[in-house]
Every structure is written in C-alpha cells, then in structure tokens.
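Asks: Here you go, one structure.
Read the figures in this text as sums done on the coordinates, not as results from a lab. For clarity, every value in this text was computed on a predicted model and none was experimentally measured.
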Amino acid sequence: MWAKSLAAALLGLPLTAGIIGFVVLLGPGRLETITLPWLLMSFPVWIGVMSLAFVFRTGLRAWLWLGGATFACYALIHVCKQLGWTAVLPA
C-alpha cells in the first residue's frame, strides 16, 4: 500500500502536467485562450491520476504504469514540438 501511495504522490503531479500540457498544445484555438480553462481542470485530473495508482494490484505495477505514462506524455509533447505540430517552437 505504501508503494502505491508513493507512486500516486510522486508521479501524480508530473503525469497530470504532461496530460494537460499535451491537450493544451494540440487543442484547438490559441494558447492564450485555452490554457486557463485546462489549468483549472488540472486538479480533478490530478485526483483521478492519483486514484488510478490504487487500481493496480502491486506497487511495482503502479510505478511502472504511471512512470511509463509520464514518460510517454513528455515524449509525445517533445515529438509534437519537434515536428512542428504546435504553435510553440522547439527550443
């Protein structure tokens, strides 16, 4: 139970930021108009992501799935920026 709780606490916020960032970058409209509503949605998404950690049977699976999802979100954001699919230019 401790492993799941730590996975939820330590990987919940980065995964939420990755999900919200990915949706904002690929969402319709200008970034200035769609960022605030999605930032307001980050708390319910964060609670959902943290609750998701307790669905898995073991703490190791929670760490692997949440860690893999976090890595995938940030990798997708990076790839979309490199391909020029967003209005944000790569650094």
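Asks: For q values of 0.10 Å⁻¹, compute log₁₀ I(q)/I(0) with the Debye formula on a Cα-only model of the chain, without solvent.
Replies: For the chain, the Cα-only Debye profile gives -0.29.
Asks: Something else now. What is the helix-to-structure angle for 31-40, meaning the angle in degrees between its Cα long axis and the longest Cα principal axis of the chain, kept from 0 to 90 and rounded to the nearest 10?
Replies: Once rounded, the angle reads 20 degrees.
Asks: Across region 13-22, in residue order, what do the Karplus-derived ³J(HN,Hα) couplings come to in whole Hz, using 6.51 cos²θ - 1.76 cosθ + 1.60 with θ = phi - 60° and x for Gly and Pro?
Replies: 5, x, 5, 4, 4, x, 5, 5, x, 5
Asks: To test your reading of the geometry: what angle, between 0 and 90 degrees and rounded to tens, separates the Cα axis of helix 42-52 from the longest principal axis of the chain?
Replies: With both axes taken from Cα atoms, the answer is about 30 degrees.
Asks: Further question on the same structure: What is the distance in Å between the Cα centres of region 48-77 and region 8-35?
Replies: Region 48-77 and region 8-35 have Cα centres spaced 16 Å from each other.
Asks: If you don't mind, there's one more thing I want to ask. Full-extension gain between Ala87 and Phe43, please, as 0.36 nm times their residue separation minus the C-alpha to C-alpha distance. It would help to have the intermediate numbers written out before the result.
Replies: Values: separation 44, 0.36 × 44 = 15.84 nm, distance 2.52 nm.
The span from Ala87 to Phe43 would gain 13.3 nm if fully extended.
Asks: Using helices alone, I'd like the mean residue ellipticity at 222 nm for the chain: each DSSP H run of four-plus residues gives -39500 (n - 2.57), total over residue count, nearest 500. Show your work: numbers first, answer last.
Replies: Numbers: 4 runs with 71 residues, N = 91.
Calculated at 222 nm, the ellipticity per residue is -26500 deg cm²/dmol.
Asks: Along region 71-83, what does the Karplus equation 6.51 cos²θ - 1.76 cosθ + 1.60 (θ = phi - 60°) give for ³J(HN,Hα), rounded to whole Hz, x for Gly and Pro?
Replies: 4, 5, 4, 5, 5, 5, 4, 5, 5, 5, 5, 5, 7
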